[in-house]
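**Student:** Input: one structure, supplied below.
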Amino acid sequence: MNMRLKFFTFCFSALVFLVSGHLIASDSTNISKNRYKKSIRLFYQAGQVLQTNEFVKGQNASNQVIDYFQSLSLQYGIETDGHKIWQQIYGYPRWGFGFYAVNFFNKDELGTPSAVYGFFDAPFIRFKRWSINYEVGFGLTYDWNPYDQVANPYQYAIGSYKTVFIDAGLNADIMLGKRFNLTAGFTFTHFSNGATRVPNYGINLMAPRIALKYIFGERPEFIKTEIPEYDGEWEFVALIALASKQLAYDTTQVEDNPGHHAETYGIFTFSTGINRQISRKVKFGLGADIGYDGSWNSYINYRNGEISRMDAGNGNKINIGLYGAFELVVHKLSVVVQPGWYVFRADWQVPDNAEGSPSIAARRKSEGSYQRLGIKYHVNNNLFFGINIRAYDFGIADYIEWNMGYRVKWR
């Protein structure tokens, strides 16, 4: 396995165990008296592969459009009952871990991908015997059959054995007696490795799904207490983020076709910001990024059988950006959304592909805006760790950031 993929897997696993361990510990006060109810839920899903790249549109070994999939998912959940204030605020949510398996009916090119993930499922509105909920899941997908110039040359969607798994959707959850629930809804699912290994155009799914849930023991009895008024807090945040991405060239444009070649570039970002937490759930803020992107204005040159890394323009790879911030706060965990805009960055000067040209440009270049979507977990009141997908064009993953930061709070 590629060393970067091993490092990615290790970091992701460490983050999952860190978050799960603290959640269990923080939700286990007086556990002998207040043990949470557990449940299992089995999902079935069948639906559409979104046509977002040429591979799924039919430019593959079978010359068939890949537009249909089926999947199964098994979840183990913690049924909260309101022992913590955040549980009451979120309407007594359910959280836990799941296993996911998907079939694209194209095993030779896509493999047999499966995922392990954490999820959070909470109601928008709860009635006596049913509720309308939103659910988000984040995890790691493995067992892809990735791109290979000889063995799998058309598979430009996924370039690695492992990818990030992101799942989000809505559902209605209906009680069927004392221990069973029926769940019906729809989800959007995204697979990508954030260009840690290319090609990486990603795969996106959208489909309805149905599930049956079984609760061990009696249903939880919801605790309702008076929630103290929240006065609001300010926080100053500083963090460092590390990432890497690959650039490659299209070997079909080279006469003697030396084989697939990709180069890995390091990325570093220092970020600061000020947030205002206006409720126990929501933060808004503004911030600034100062970054070094080794892949910016870089390309691969192939001449006379020699491959070399090249920089266009003056080689300036520094960028400065400003961003707005939104955080959905769930106890010590936050979902982070940050739309940003570059206020300083060298112009894009990588030469365009041209017939007979030895210079092969990168497959992608980002534009003036960028976006972050991720999670962060506060180990204590000040220190936090997180992972973000950094994207552009509001949907194209550019790279994955691993970050560590510190905050100072005041009222």
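The values are calculated or read from the model by the stated rules, or taken from the named source; none is laboratory data. Computed from a prediction, not measured in an experiment: that's the story for all the values here. Positions of Cβ are backbone-derived with ideal geometry, glycine not excepted, and every protein chain shown enters the neighbour counts.
**Student:** Just the residues that are touching a residue at least 12 places away in the same chain (Cβ under 8 Å) and exposed (fewer than 14 other Cβ atoms within 10 Å of the Cβ), please, taken from segment 293-314. If you could, list the steps in order and put the result at the bottom.
**Tutor:** First, the residues of segment 293-314 that are touching a residue at least 12 places away in the same chain (Cβ under 8 Å): 293-303, 305, 307, 309-314.
303, 305, 309, 313, 314 - these are the residues of segment 293-314 that are touching a residue at least 12 places away in the same chain (Cβ under 8 Å) and exposed (fewer than 14 other Cβ atoms within 10 Å of the Cβ).
**Student:** In segment 113-131, is there at least one residue being in contact with a helix residue (DSSP H, G or I) (Cβ under 9 Å, 6 or more places away or on another chain), under 15 Å from residue 189 (Cα atoms) and either part of a loop (DSSP other than H, G, I, E, B) or of a type outside the set (Val, Ile, Thr) (or both)? Don't jump to the end; show me each part of the working.
**Tutor:** Let us first name the residues in segment 113-131 that are in contact with a helix residue (DSSP H, G or I) (Cβ under 9 Å, 6 or more places away or on another chain), namely 116-118.
Now restrict to residues that are under 15 Å from residue 189 (Cα atoms): 116-118.
This time we only want the ones that are either part of a loop (DSSP other than H, G, I, E, B) or of a type outside the set (Val, Ile, Thr) (or both), so: 117-118.
Among the residues of segment 113-131, at least one is in contact with a helix residue (DSSP H, G or I) (Cβ under 9 Å, 6 or more places away or on another chain), under 15 Å from residue 189 (Cα atoms) and either part of a loop (DSSP other than H, G, I, E, B) or of a type outside the set (Val, Ile, Thr) (or both), which makes the answer yes.
**Student:** Conditions: (1) modelled with pLDDT under 95; (2) under 30 Å from residue 392 (Cα atoms). Residue 177 meets all but one. Number of the miss?
**Tutor:** Result: residue 177 fails condition (2) only.
**Student:** If you go through segment 216-248, how many residues are of a type in the set (Lys, Arg) and in a strand (DSSP E or B)? Spell out the reasoning first.
**Tutor:** Taking segment 216-248 as the starting set, the residues that turn out to be of a type in the set (Lys, Arg) are 219, 224, 245.
When the remaining residues are screened for being in a strand (DSSP E or B), the result is 245.
Number of matching residues: 1.
**Student:** Among (1) among the charged types (D, E, K, R); (2) more than 30 Å from residue 163 (Cα to Cα); (3) under 21 Å from the mean Cα position of the chain (by Cα), where does residue 245 come up short?
**Tutor:** With respect to (1) among the charged types (D, E, K, R); (2) more than 30 Å from residue 163 (Cα to Cα); (3) under 21 Å from the mean Cα position of the chain (by Cα), residue 245 is out only on (2).
**Student:** Here's something else I'd like to know. Go through (1) crowded, with 19+ Cβ neighbours inside 10 Å; (2) at pLDDT below 90 one by one and return the number of the condition residue 390 breaks.
**Tutor:** (2)
**Student:** For segment 140-165, give me the residue count where each residue is under 18 Å from the mean Cα position of the chain (by Cα) and surrounded by 20 or more Cβ atoms within 10 Å (Cβ to Cβ). Show your work before the answer.
**Tutor:** Filtering segment 140-165 for residues under 18 Å from the mean Cα position of the chain (by Cα) gives 140-144, 157-165.
Checking the rest, the ones that are also surrounded by 20 or more Cβ atoms within 10 Å (Cβ to Cβ) come to 141, 144, 157-160, 162-165.
The number of residues fulfilling the criteria is 10.
**Student:** Can you name every residue in segment 198-215 that is assigned to a strand (DSSP E or B) and not aromatic (Phe, Trp, Tyr)?
**Tutor:** Step one: filter segment 198-215 for residues assigned to a strand (DSSP E or B), giving 203-215.
Listed by number, the residues that qualify are 203, 204, 205, 206, 207, 208, 209, 210, 211, 212, 213, 215.
**Student:** Does segment 123-136 contain any residue that is at pLDDT 95 or above, under 19 Å from residue 193 (Cβ atoms) and within 23 Å of the chain's Cα centre (by Cα)?
**Tutor:** No, segment 123-136 contains no residue that is at pLDDT 95 or above, under 19 Å from residue 193 (Cβ atoms) and within 23 Å of the chain's Cα centre (by Cα).
**Student:** Another one. If residue 143 satisfies all but one of (1) in a strand (DSSP E or B); (2) out of contact with any Ser or Thr (no Cβ under 6 Å at 6 or more places or on another chain), what's the number of the condition it fails?
**Tutor:** (2)
**Student:** Among the listed residues 278, 227, 290, 267, which satisfies the condition of being outside the structural domain of residue 153 (by TED's automatic domain parsing), modelled with pLDDT of 95 or more and loosely packed, with under 13 Cβ neighbours inside 10 Å? Spell out how you get there, then give the answer.
**Tutor:** Numbers: 227 fails: modelled with pLDDT of 95 or more; 290 fails: loosely packed, with under 13 Cβ neighbours inside 10 Å; 267 fails: loosely packed, with under 13 Cβ neighbours inside 10 Å.
From the options 278, 227, 290, 267, the qualifying one is 278.
**Student:** Identify all residues within segment 83-122 that are within 17 Å of the chain's Cα centre (by Cα) and among the hydroxyl-bearing types (Ser, Thr, Tyr); write none if there are none.
**Tutor:** 100, 114, 117
**Student:** When you scan segment 353-372, how many residues do you find that are crowded, with 16+ Cβ neighbours inside 10 Å and either assigned to a loop (DSSP other than H, G, I, E, B) or modelled with pLDDT of 90 or more (or both)?
**Tutor:** First pass over segment 353-372, keeping only residues crowded, with 16+ Cβ neighbours inside 10 Å: 359-364, 366, 370-372.
Still in the list and also either assigned to a loop (DSSP other than H, G, I, E, B) or modelled with pLDDT of 90 or more (or both): 361-364, 366, 370-372.
Qualifying residue count for the region: 8.
**Student:** Which of the residues spanning segment 299-348 are within 22 Å of residue 372 (Cβ to Cβ), of a type outside the set (A, V, I, L, M, F, W, C) and either under 22 Å from the mean Cα position of the chain (by Cα) or in a loop (DSSP other than H, G, I, E, B) (or both)? Outline the logic, then answer.
**Tutor:** Going through segment 299-348, the residues within 22 Å of residue 372 (Cβ to Cβ) turn out to be 317-346, 348.
Subsequent filtering for residues that are of a type outside the set (A, V, I, L, M, F, W, C) retains 317, 319, 321, 323-324, 327, 331-332, 334, 338-340, 342, 345.
317, 321, 323, 324, 327, 331, 332, 334, 338, 339, 340, listed by residue number.
**Student:** Another question, then. If you scan segment 146-182, which residues turn out to be polar (S, T, N, Q) and part of a strand (DSSP E or B)? Walk me through how you get there before you give the answer.
**Tutor:** Going residue by residue through segment 146-182, those that are polar (S, T, N, Q) are 149, 152, 155, 160, 163, 171, 181.
Within segment 146-182, 152, 163, 171, 181 meet the criteria.
**Student:** Show the residue pairs that are 6+ apart or on different chains and have beta-carbon atoms under 6 Å apart, the first residue being within segment 175-186 and assigned by TED's automatic domain parsing to the domain that holds residue 40, the second being in a loop (DSSP other than H, G, I, E, B).
**Tutor:** 175/129; 182/176
**Student:** Also, quick follow-up: Considering only segment 54-80, how many residues are of a type outside the set (Lys, Arg) and surrounded by fewer than 18 Cβ atoms within 10 Å (Cβ to Cβ)?
**Tutor:** Just the residues of segment 54-80 that are of a type outside the set (Lys, Arg), to begin with: 54-56, 58-80.
Next cut, surrounded by fewer than 18 Cβ atoms within 10 Å (Cβ to Cβ) only: 54, 58-59, 61-65, 67-68, 70, 72, 74, 76.
Number of matching residues: 14.
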